[in-house]
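Okay, structure first, notes after.
The values are calculated or read from the model by the stated rules, or taken from the named source; none is laboratory data. These figures come from a predicted structure and were not determined experimentally. Note: ideal-geometry Cβ built from the backbone for every residue, glycine included; neighbour counts use all protein chains shown. The accessibility values were calculated without ligands, DNA or RNA, using every heavy atom of the protein model including side chains. Shrake-Rupley method; radii C 1.70, N 1.55, O 1.52, S 1.80 Å.
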Amino acid sequence: MLPVHLQFPIRGGDFHSAGEASSGMKKALSKLGVDPSAVKRASVAMYEAEINAVIHAGGGEADVEIFADRVSIVIRDHGPGIPDVGLAMQEGWSTAPDAAREMGFGAGMGLPNIQRNADDLTIDTRVGEGTALTILVRFHRPAPTAPGPEA
Ligand SMILES: Nc1ncnc2c1ncn2[C@@H]1O[C@H](COP(=O)(O)OP(=O)(O)OP(=O)(O)O)[C@@H](O)[C@H]1O
Ligand SMILES: [Mg+2]
């Protein structure tokens, strides 16, 4: 049963489908019986990374591995990269374009929010090549490994 491996495409600039990957992962975690607080932290962190790939990087893909005690989420894009990660991690710092601001994004809170919700965050970025975020969220109690009647 575990680990479960999920992959999702992330379409660049598409605000309508933005969030589909993180909601797909959220459903999978809930179905596996993962504790709700960990489901929430993983979903919030993945949503912010997914939206960043949509807004700042022309899209990418999400790779999710669910183990009994943790979920590992990789959001990868082939966008412009982040020239100064320290600056990007600061609350309120944003280069979001007007189109994204009109949709309510661009507060510069996404990366700090990912950091807060993740047990571990790795940012691998190269200017001109792209960015990969690896987000780890640990579960407070192990996910039940035996599939339920509907699983
Ligand atoms: N995948 C990415 N590719 C390139 N640049 C990125 C990426 N993710 C973040 N950034 C850069 O880091 C900045 C800060 O990101 P963060 O998510 O904290 O804020 P935001 O996306 O601008 O606004 P918010 O998340 O509050 O809507 C972005 O404005 C952008 O310059
Ligand atoms: Mg953001």
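About its Cα centre, the dipole of region 32-105 is roughly 120 debye, where the only charges are +1 on Lys and Arg Cβ and -1 on Asp and Glu Cβ.
Surface composition of the chain: carbon plus sulfur atoms contribute 51% of the solvent-accessible area (1.4 Å probe, protein chains only, all chains present).
With labels modelled as points extended 7 Å from the Cα through the Cβ direction, what inter-label distance (nm, one decimal) is found for D124 paired with M1? Label-label distance for D124 and M1, simple model: 3.1 nm.
In the chain the longest region clear of GluC sites (Glu not before Pro) that are loop-assigned by DSSP and have at most 16 other C-beta atoms within 10 Å covers 1-90. About its Cα centre, the dipole of the chain is roughly 440 debye, where the only charges are +1 on Lys and Arg Cβ and -1 on Asp and Glu Cβ. Ellipsoid fit via the Cα gyration tensor, the chain: semi-axes of 28, 15, 14 Å, each the root of five times an eigenvalue, largest first. Where is the GNM fluctuation largest for the chain (alpha-carbon springs, 10 angstrom cutoff): G79, G19, G33? Of G79, G19, G33, the Gaussian network model singles out G33 as fluctuating most.
Roughly how many Å² is the accessible area per residue of region 1-59, as a whole number, for a 1.4 Å probe?
Working: 2770 Å² over 59 residues.
Counting only protein heavy atoms, the per-residue value for region 1-59 is 47 Å².
Hydrophobic, long helices, defined as DSSP H runs whose alpha-carbon span along the helix axis is 27 Å or greater and whose mean Kyte-Doolittle value is at least 1.6, do not occur in the chain.
Considering only F139, F15, F67, the mean-square fluctuation computed in a Gaussian network model of the chain, springs between alpha carbons under 10 angstrom, is largest for F15. Annotation: amide H of M109 within the under-5 Å range of G92, sequence separation 5 or more or interchain, hydrogens built in the peptide plane.
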